[in-house]
1. Would you mind finding the one in Ala165, Ala144 that is modelled with pLDDT of 95 or more, open to solvent by less than 10 Å² (accessible area, probe 1.4 Å) and among the small types (Gly, Ala, Ser)?
2. When you scan segment 45-55, how many residues do you find that are modelled with pLDDT of 95 or more, out of contact with any helix residue (DSSP H, G or I) (no Cβ under 6 Å at 6 or more places or on another chain) and either surrounded by fewer than 16 Cβ atoms within 10 Å (Cβ to Cβ) or not small (Gly, Ala, Ser) (or both)?
3. Name the single residue, out of those in segment 87-118 being among the acidic types (Asp, Glu) and not in a loop (DSSP other than H, G, I, E, B), that is farthest from Arg169 (Cα to Cα).
4. Would you point out which residue out of Ile121, Ile128 is among the β-branched types (Val, Ile, Thr), under 21 Å from Ala64 (Cα atoms), within 15 Å of the chain's Cα centre (by Cα) and outside any loop (DSSP other than H, G, I, E, B)?
5. Take Ile42 and tell me if it is part of a helix (DSSP H, G or I), of a type outside the set (D, E, K, R) and surrounded by 18 or more Cβ atoms within 10 Å (Cβ to Cβ).
6. Determine which member of the set Pro62, Pro80 is open to solvent by 60 Å² or more (accessible area, probe 1.4 Å), at pLDDT 95 or above, touching a Gly at 6+ places or on another chain (Cβ under 9 Å) and of a type outside the set (A, V, I, L, M).
Amino acid sequence: MKTLDLLRDQCQIQEYVWNRLDNYEPDWDWALGDADRKVSLIATGFSFEQNGWFSMVLDRRPRAQSDGQWQSLIGHNYLPMPHWNLDDDYELDVKHYDPKWKPPKNGFDDESVAELFGHTIRDALIHIREQNGFAFNFLARNCAFFVEEHEGRFGWPEYKETRTAGRCRP
């Protein structure tokens with residue numbers, strides 16, 4: 001049985017995001033769009049089938065949206081999470097950060113694992129937002145974030161709610 005410590009994972013993700021934002025250099029960063037533009041979208045994604053990873057790609061394109069382009073830059077913008085590589089073994093012991101969380105009644109599968117990791121990332125980003133952690137001058141006033149699983153099993157928020165539910169500023 002594999003043990004997942006999602007509180008530890010959430011802390012690692014938050015540290016990675018803050019470090020990336022703290023050390024942002026437009027000319028050095030692997031981002032979408034022109035270096036002279038502000039970041040208007042923070043694309044985050046993850047995989048539990050391909051070695052396990054979390055990725056964050058900054059998007060400076062005009063009218064940036066959740067269109068899958070972030071996936072072209074994963075190799076330069078990721079945090080290895082090898083313990084997320086489950087190899088279709090869903091016998092899991094989950095140490096969850098939310099004491100009210102309950103495991104799925106019928107056990108884990110691809111969908112429930114995608115939801116588990118997706119919510120962990122979403123909640124990490126919301127915590128950063130609540131701590132005013134997205135207050136950087138290079139982020140556009142309407143900057144937002146989203147979370148997607150690499151194979152499309154999880155996405156948050158709903159596309160039309162990206163600029164509201166996923167906003168970076170409280």
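1. Ala144
2. 1
3. Step one: filter segment 87-118 for residues among the acidic types (Asp, Glu), giving 87-89, 91, 93, 98, 109-111, 115.
The next check asks that each one be not in a loop (DSSP other than H, G, I, E, B); those that pass are 93, 110-111, 115.
Details: Asp93: 35, Asp110: 32, Glu111: 30, Glu115: 24 Å.
The residue in question is Asp93.
4. Ile121
5. Details: part of a helix (DSSP H, G or I): no; of a type outside the set (D, E, K, R): yes; surrounded by 18 or more Cβ atoms within 10 Å (Cβ to Cβ): yes.
Answer is no for this residue.
6. Pro80
The values are calculated or read from the model by the stated rules, or taken from the named source; none is laboratory data. Predicted model only: the values in this text are computed from it and were never measured. Every residue, glycine among them, receives a Cβ derived from its backbone with ideal geometry; neighbour counts consider all protein chains shown. Surface accessibility is based on the protein's heavy atoms, side chains included, excluding ligands, DNA and RNA. Shrake-Rupley method; radii C 1.70, N 1.55, O 1.52, S 1.80 Å.
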